[in-house]
Amino acid sequence: MRNTTRIITALVAGSALALSGAGAAFAGHDGNPSAKVASYSYSLDAIQPTDVPGSQAEGSTRVKALPNGKLQVTVEAWGLSPNLPHAMHLHGVPGPATDMACPGPAAAGADGVVTVLDGAPFYGGIITSLTSTGDVSPASALALDRFAMSDADGYLYYQRTFTDVPGYTDAGTVQVVVHGIDFDGNGAYAFNADDPFSSRPSSLNAGIPLEATVPVLCGGIAN
Ligand SMILES: [Ca+2]
Ligand SMILES: [Cu+2]
């Protein structure tokens, strides 16, 4: 139900964007600084069951279509695992207006954690890596040295202006997904055989700890 509500909200926002030539079509959206700059914000919600340690973060994302055709993406989050980089991506399905959604806690299944692969049927693959510098392709999905870091309080701020976002403009609703939980609170994404969560491997690669890739926050944005 929660996901359905969010999709409807995103679709309404998308309709308004499509009508941008009509002048007053932005009425009802917050934070739109001028008729030429379309700006939309969306909430990012916690994905994991509440008993997954360190998982109950919250956040928001803002997408601004600039007059020069560039796209500015802002992500803010609170309550993330502190002092660590957090992989972030635009997830979706490129193609004619394919609408995806966010997984909820029920997607966790028997192991009690929503892994990247548990979420994929909901949010699709990676369209863009929201890195702070350099390459933004799916190839940079786990380039942790180039993703924004949370501070000591678990607050994260990210903003980058993209010249081109392949796959975004022809997809429908795209999801912003923020990853990474330091389950055992040892300040690192690392295997810890003594911890019931930190001992697990990523669903993407058995050589990488689940801590580094596990999705934390998700929210839909409409193009
Ligand atoms: Ca850890
Ligand atoms: Cu992702």
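The values are calculated or read from the model by the stated rules, or taken from the named source; none is laboratory data. Bear in mind the structure is a predicted one, so any value in this text is a computation, not a measurement. A quick note on method: Cβ atoms are made from the backbone with ideal geometry, for glycine too, and the neighbour counts reach across all protein chains shown. All accessible areas refer to the heavy atoms of the entire protein, side chains included, with ligands and DNA or RNA removed. Shrake-Rupley method; radii C 1.70, N 1.55, O 1.52, S 1.80 Å.
Some values worked out for this structure:
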read-out	value
Residues in segment 204-221 that a label on THR50 would reach, taking backbone N under 19 Å of a point 7 Å out along Cα→Cβ	216-218
Nitroxide proxy distance, nm - points 7 Å out along Cα→Cβ at ASN68 and THR133	2.1
Qualifying trypsin sites (Lys or Arg not before Pro) in segment 45-145, DSSP loop, other Cβ atoms within 10 Å at most 14	LYS70
Protection-proxy order for peptides 175-182, 193-200, each taking the mean of Cβ atoms within 10 Å per residue, highest first	175-182, 193-200
Net length gained if the chain between TRP78 and SER43 were fully extended (0.36 nm per residue, minus Cα distance)	11.4 nm
Net length gained if the chain between ASP195 and GLU58 were fully extended (0.36 nm per residue, minus Cα distance)	46.9 nm
Where GLU76, GLU58 fall by accessible area, highest first, once all protein chains stay in place (1.4 Å)	GLU58, GLU76
Candidate residues SER129, SER137: accessible-area rank, largest first, probe 1.4 Å	SER137, SER129
